[in-house]
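K.L.:
Here it is: the structure, laid out below.
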Amino acid sequence: MIRRRKSLRDFASFDREKRKIRFDFILFFLVLAISSWGVLVIYSATRETLPGGVSDPGYYMKRQLIWLGAGIIIFIVIQFINYRKIQRYWWLILALGIFSLVAVLLFGYEVHGSKSWIDLRFTTIQPSEFSKIFMVIVLSAIMSKWRSEKVSNVTFRKVVIASFAALTFVVLVLLEPDYGTALIYFIVFIGLLFISGANFLYILSILGLTAGGFFLALNAGFIKQYQLDRILVFLKPDVSSMEGAGYNLYQSKLAIGSGGLLGKGLFLGRQTNLSYVPEHHTDFIFSVIGEEVGFIGAILVILILGIIIWRCFYIASNSSDTFAMLLASGIGFIILSQVVINIGMTIGIMPIIGIPLPFLSSGGSSLISMFLGVALVENVFIWREVRKSHVIAYQEFK
Amino acid sequence: MGLNIKIRFRIVLYLLAILAVVLILRLYFLQIMSGGLYAELASENISREKTVSAPRGNIYDRNGKLLVKSVPVKAVAIEPLIVSENEDVMRILSECLNISYEKIKEKVEKSNLPYTDRLILKQDIDTATMIYLKENSDKLPGVEVIDLYLREYDFGFLASHLLGYTGEIDEERLQSEVYMDYEGGDQIGLTGLEEAYESLLTGKKGKIIYEVDPLGRPVNILEETDPISGNDLYLTIDIDLQRFVEEALYQSILEVRQKKITNTDEYYKVPGGAVVVLDTRNGQVLAMASYPTYNPELFVGGISQAEYAELEDPENHSPLLNRAVMSFPPGSAIKIVPAYAGLTEGIISEYSRFTCAGVWYGLGPDFPKYCWQRGGHGSLDIRGAIKNSCDIYFYQVGYGLLLKNNNTEELLQQYLRTFGFGSATGIDLPNEDEGLVPDKEWKKDYFKDQPGYTVWFPGDTVNMAIGQGDLLVTPLQLAQAYSILANRGLEYKPYLAKEIKDSEGNLFPDSSEDDYQDLNLDESFVKIIEDGMVQVVSPGGTAAGTFWDFPLSEIQIAGKTGTAEFFGKQDYAWFASYAPVGSPQYVVVAMLEEAGSGGSNVAPMIEKIYRYLFNID
């Protein structure tokens, strides 16, 4: 059997007729589960202190529910489009991404010193959240042209083109300025380069150039020392740094630490519910989880998110073409980097940069873009071409 | 898909696993290993505690008349650590409390110590101010309107030395172990019974534990304990008797001040005096007066510096001091002790007679000792010696006690101590003097810088036998000693608090009640001394002039006068007594400073008090 499969490999072709409806339930249900949990956590976090001066205790929960509904609809709708069509129109998506990021610079408004929001009257959106997905599509499209069959076909020229595309996104986000999101973009870019099979020398060069640019920016005064201090506050966790970000971190550690093994119980996280932890329904949502459901609950969240990430890479590695592989990996990298940095930030092992926790943080742009992302991964799974060998093997098994 | 890519995917998966493990390990450290610590920090972070003042217990007299009560007032309390950093708060407070900004700043900074968690800025604020402060509490972090209980005295000046006064706890006390449960601004007993029974009178504070939001605004109450009011105190004092005694003391002082010292143009100064009335049967203090006195109302809500300076002014003879428990030279009033000592030690017998010629040369021709009656008393036995208060007789008793066993045992001092002198009676009042029974050791120590004075001279004992020299006693000690005689040797500890009523209304007796011991005195000797004391008030005695129309046949009084010389001052006048002889009920002792003879200047007041006690017109 194995020998036959091997021998058939060279004749691999796609069997469109016998393709069955496939659906990765694990990915979908875990995403649904973790997002629903998020709604509950947001309710717990906001029902008492009502950030933003709203009067309805369920305000943030209901908003999140609506976005969750929208996310599910988008998830389903996306599945009717073959990802190859998206690949074909990558330049349109590049245009959309650049357009939205330029638009936010022109018409956006500032929150916490970053001009990253556009007010659309009926709702506000954060283009940099959606552009993450756009960038992944664009980079995947560009990079997938590098190689068809052979692996190490990533030429210097192609790396430069991809780098320019990525740089465009990163610079636009830096201009807002939203350093946290820009960092995610950068990590995703490096991750895609890595998965694409690019020579390590290229990757190291890009890292080196970036580091050089960073120090240049620091010296030239584009990045202020206090901004750096704020980001690196986690490195000196003494109480003397109890102001600003240090205060956030201290309160967050108190909340999570005080949760203990089993937590204080849902809706009983006083530390977070009374908003001692700032941004406890958005960037610091994990502190609510840590306080209310404790170590066990926190591990569960990390496990679910880990399985979702694993699923992205699994689907990527089992995809039928390079674009699909890069697309699913790119989404995997987005979720991975955000989860690690966000959770790490709330427990004091990562810099305090304002990025949301995927599927859990309150916020429409984040949730919907995440659903868009996993929808694309699911799409890759659904629309992947099955090699004849698989079908034959399946039939023989029957 | 090439091999290279597969490895790269594997690397990503490993990375994913490693990162997950790192996050979980960090969570394990935070939540499992440090969970307890963080839980503690978090609850400190989030919950605040505030206390609710408990009303202080009331004080009643023996008949249930309310003497002192607690009245609630509103007060402005601040947390110095918070307010000191906020000038706006101090400015607003200055405006609405009508205290200058500088004064508030000074007060806050002066007490800006870690243990001063609360400071009272103003007591007894009006309703308008209270409402203003409560409405603007958002603008006034660290400021709070609290309930406070202040004292109200229904009988004004009366018994002020016994009751004492309360005031705000100071920082020194706040630091001490004894006042661990107290916080800044608390009212505590500072003198008198208020101080002695502080732990019983002060209630148990209520507690409110509440959650606050990050701005310190209360969100909800977690735990609430109601305050428990302090125990009520029922005194042995009869306030009507107390009033009578205080007025009698005051009147007699005014009267004596009108008198001139014999053969001079100098008036008696009489800066002060004291009266003690005890129930001989149990040691209860029925009245205790001290003059000059003060108004405890002055201390309510904090006394002003000017008022306090006036009370402390030497011109005013220290009205805050309770002279009933202060030491003075007793003069002849002490003679009952050498009399008993002489009889017991065999120095004299019931019929031993000495002849008084006005002067005695027992210590040598160079050391003549005179009797107060320079003309001499003639031949006297012990009864007569007491009746006439003959000094010559008692010089010889003292000398005899000194000579016995070469004064190795210091017999006179021993007997004085037996009768309670030289140590505090243990009455439930703070700051009771011990008095002084001088002896060799004391002299050696006291005059250690003046060699030559450290030796005990025979004259020291001889002088002590008539209540002169360095001997010092308190009016209360003297009253107790006479009570011992009246009781034929039973010594009761004097006390003021009869019963205690807790917040639930349960009455229980104070532990000091009926605490007595039998001194095993020889009754026949006591009877001899009593005979002499009966004669003091009888015709021919040193106080006969005062008691000539007192119905002694119905109510026999036994008494002893005293006139103590005090270097550089006029004589201190004493009269110590008990009645009725046979079934004694009362001991009455009075002392007037710089008032001359006890027989003529103190006894009349005592006579008035007995008339009151026994309802005689």
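K.L.:
Report the one residue of B:His161, B:Ile208, B:Tyr179 whose Cα lies farthest in the direction of the positive end of the charge dipole of the stretch B:48-235 (charges on C-beta: Lys and Arg +1, Asp and Glu -1; origin at the Cα centre).
P.N.:
B:His161
K.L.:
Enter the per residue convex hull volume of the stretch B:363-511, computed from alpha-carbon coordinates, in Å³ rounded to the nearest integer. Walk me through the numbers before you get to the answer.
P.N.:
On the way: hull volume 24.0 nm³, N = 149.
In the stretch B:363-511, the Cα convex hull volume per residue is 161 Å³.
K.L.:
State to the nearest 20 debye the size of the charge dipole of the protein assembly as shown about its Cα centre, where the only charges are +1 on K and R beta carbons and -1 on D and E beta carbons. Each step should come with its number before you reach the end.
P.N.:
Working: 89 positive and 113 negative charges, 2099 e Å.
Here the protein assembly as shown has a charge dipole of around 10080 debye.
K.L.:
While we're looking at this one, here's another question. If I take the Cα coordinates of chain A and project them onto the principal axes, what are the three extents in Å, biggest first?
P.N.:
67, 52, 41
K.L.:
Calculate how steeply helix A:285-317 sits against the longest principal axis of the alpha-carbon atoms of chain A, using the helix alpha-carbon long axis, and give the answer as 0 to 90 degrees to the nearest 10.
P.N.:
Long axis of A:285-317 versus the principal axis of chain A: about 20 degrees.
K.L.:
Mind sorting B:His317, B:His161, A:His280, B:His377 by how few other Cβ atoms lie within 10 Å of their own Cβ, fewest first? All intermediate terms of the calculation are to be shown ahead of the outcome.
P.N.:
Working: B:His317 15, B:His161 27, A:His280 32, B:His377 22.
Least crowded to most crowded, the residues run B:His317, B:His377, B:His161, A:His280.
K.L.:
Also, quick follow-up: Within 10 Å of each residue's Cβ, count the other Cβ atoms and sort B:Lys74, A:Lys132 from fewest upward.
P.N.:
Working: B:Lys74 18, A:Lys132 28.
In increasing order of surrounding Cβ atoms, one gets B:Lys74, A:Lys132.
K.L.:
Kindly provide the helix-only [θ] at 222 nm of chain B, computed as the sum of -39,500 (n - 2.57) over DSSP H runs of four or more divided by all residues, to the nearest 500 deg cm²/dmol? Could you put the intermediate results ahead of the total?
P.N.:
Working: 22 runs with 209 residues, N = 617.
Calculated mean residue ellipticity at 222 nm is -10000 deg cm²/dmol.
K.L.:
Sticking with this one: Measure nothing fancy, just the Cα-based angle from helix A:156-174's long axis to the longest principal axis of chain A, in degrees from 0 to 90, nearest 10.
P.N.:
In chain A, helix A:156-174 runs at an angle near 30 degrees to the longest axis.
K.L.:
Let me ask another. Between B:Glu171 and A:Lys62, with labels modelled 7 Å along Cα→Cβ, what's the label distance in nm to one decimal, could you check?
P.N.:
Distance between label points: 5.6 nm.
K.L.:
Report the gain in length on full extension from A:Phe107 to A:Phe80: 0.36 nm times residue separation, minus Cα-Cα distance, nm rounded to one decimal. Kindly include the intermediate steps, with their values, before the conclusion.
P.N.:
Numbers: separation 27, 0.36 × 27 = 9.72 nm, distance 3.34 nm.
Going from the current span to full extension adds 6.4 nm.
K.L.:
For each of A:Met350, B:Met33, B:Met130, A:Met143, count neighbouring Cβ atoms within 10 Å of the residue's Cβ, then give the residues from fewest to most.
P.N.:
Numbers: A:Met350 18, B:Met33 11, B:Met130 14, A:Met143 26.
The fewest-first ordering by Cβ neighbours comes to B:Met33, B:Met130, A:Met350, A:Met143.
K.L.:
How large is the helix-only mean residue ellipticity at 222 nm for chain A, computed as the sum of -39500 (n - 2.57) over DSSP H runs with n ≥ 4, divided by its residue count, in deg cm²/dmol to the nearest 500?
P.N.:
On the way: 16 runs with 263 residues, N = 398.
Computed ellipticity for chain A at 222 nm equals -22000 deg cm²/dmol.
K.L.:
Here's a follow-up. For B:Thr262 paired with B:Glu307, estimate the spin-label separation in nm (one decimal), with each label point 7 Å from Cα along the Cα-to-Cβ line.
P.N.:
Between B:Thr262 and B:Glu307, the simple spin-label model gives 4.6 nm.
K.L.:
Let me see the P(r) profile for the stretch B:476-577: every Cα-Cα distance counted, bins of 5 Å, each bin given as a percent of all pairs.
P.N.:
That works out to 3, 11, 15, 15, 15, 13, 11, 8, 5, 3, 1, 0, in percent per bin.
K.L.:
Helix by helix, which DSSP H runs in chain B go 30 Å or more along their axis at the Cα atoms and have an average Kyte-Doolittle hydropathy of 1.0 or more? Don't jump to the answer; show the numbers that get you there.
P.N.:
Details: long enough: B:3-27 (36 Å, 1.99).
Helices meeting the span and hydropathy rule in chain B are B:3-27.
K.L.:
Next up: So what are the protein assembly as shown's ellipsoid semi-axes, whole angstrom, largest first, if each one is the square root of 5 times an eigenvalue of the alpha-carbon gyration tensor? Mind showing how you got there, number by number?
P.N.:
Details: eigenvalues 2075, 136, 119 Å².
Square roots of five times the eigenvalues give 102, 26, 24 Å.
K.L.:
In debye, nearest 20, what is the charge dipole magnitude of chain B about its Cα centre with +1 on Lys and Arg Cβ and -1 on Asp and Glu Cβ, if you could check? Please report the intermediate quantities before stating the final value.
P.N.:
Working: 54 positive and 90 negative charges, 152 e Å.
So the dipole magnitude of chain B works out to roughly 740 debye.
K.L.:
For the stretch B:48-235, take N as its residue count and report Rg(C-alpha) divided by 2.2 N^0.38 Å. Kindly include the intermediate steps, with their values, before the conclusion.
P.N.:
Numbers: Rg = 17.5 Å, N = 188, 2.2 N^0.38 = 16.1 Å.
Cα-based Rg divided by the globular estimate yields 1.09.
K.L.:
OK, next. Using only Cα atoms, tell me the angle between helix A:179-196 and the longest principal axis of chain A; keep it within 0 to 90° and round to the nearest 10.
P.N.:
Roughly 20 degrees, rounded to the nearest 10.
K.L.:
Rounded to whole Å and ordered largest first, report the semi-axes of the equivalent ellipsoid of the stretch B:1-155 derived from its Cα gyration tensor (root of 5λ). Let's see the in-between values first.
P.N.:
Numbers: eigenvalues 699, 102, 32 Å².
The equivalent ellipsoid of the stretch B:1-155 has semi-axes of 59, 23, 13 Å.
K.L.:
Taking every pair of Cα atoms in chain B, average 1/r, invert it to obtain the Kirkwood radius, and report Rg/Rh to two decimals. Mind showing how you got there, number by number?
P.N.:
On the way: Rg = 33.7 Å, Rh = 28.4 Å.
Across chain B, the Cα-based Rg/Rh ratio is 1.19.
None of the figures in this text is laboratory data; all of them are computed from the coordinates on show. All values reported here derive from a predicted model rather than from experimental measurement. Note: ideal-geometry Cβ built from the backbone for every residue, glycine included; neighbour counts use all protein chains shown.
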